[in-house]
Amino acid sequence: MTERELYEKALSAMQNAYAPYSKFTVGAALLASSGHIYTGVNVENASYGATICAERTAFVKAISEGERNFEAIAIVSGEGKAWPCGICRQFMLEFVEDDFNIITGDSIESLEMRTMKELLPEAFRL
């Protein structure tokens, strides 16, 4: 699976985002080591604290299906690049190694990739 293919899966998933308040739609595609791809979208709620991000949605789906090893995630937003928020970074860190790849971009022609270590240096782990 290439970065571009993963990005395309996230772009397709974004169409199902539920963002009536912010209008900030996000899609994610998570590549498990098994080769399976789990998609997720952001789902907003009138009680903003109950909102869940696309990245966590994808991880929760994968984890609930028994996956525990992951290689990469692509994140797409209707507004352009979408790096994970702080909560998502910490949530993902629970299940990935420092070399896990996060992919985003304004378009499929301008993808950027960072490792978890680059996005969350000196991370908190138990």
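The values are calculated or read from the model by the stated rules, or taken from the named source; none is laboratory data. Since the structure is predicted, the reported quantities are computational estimates derived from the model, not experimental observations. When we count neighbours, we look across all protein chains shown, and the Cβ atoms used for this are built from the backbone with ideal geometry, even at glycine.
Figures for the structure shown
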| item | result |
| --- | --- |
| First in segment 100-113 and under 14 Å from Ile73 (Cα atoms) and of a type in the set (Ser, Thr, Tyr), second anywhere and modelled with pLDDT under 95 and surrounded by fewer than 20 Cβ atoms within 10 Å (Cβ to Cβ), Cβ under 7 Å, 6 or more apart | Thr104/Lys81 |
| Output for segment 107-126, where each listed residue is hydrophobic (A, V, I, L, M, F, W, C) and outside any loop (DSSP other than H, G, I, E, B) | Leu111, Met113, Met116, Leu119 |
| Extreme residue, surrounded by the most Cβ atoms within 10 Å (Cβ to Cβ), among residues of segment 76-101 that are out of contact with any helix residue (DSSP H, G or I) (no Cβ under 6 Å at 6 or more places or on another chain) and part of a strand (DSSP E or B) | Ser77 |
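A quick yes/no check of all residues on (1) at pLDDT 95 or above; (2) over 15 Å from the mean Cα position of the chain (by Cα); (3) closer than 15 Å to Tyr7 by Cα:
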| residue | (1), (2), (3) |
| --- | --- |
| Thr25 | yes, no, yes |
| Asn42 | yes, no, no |
| Glu55 | yes, no, yes |
| Ala58 | yes, no, yes |
| Gly80 | no, no, yes |
| Asp98 | yes, yes, no |
| Gly105 | yes, no, yes |
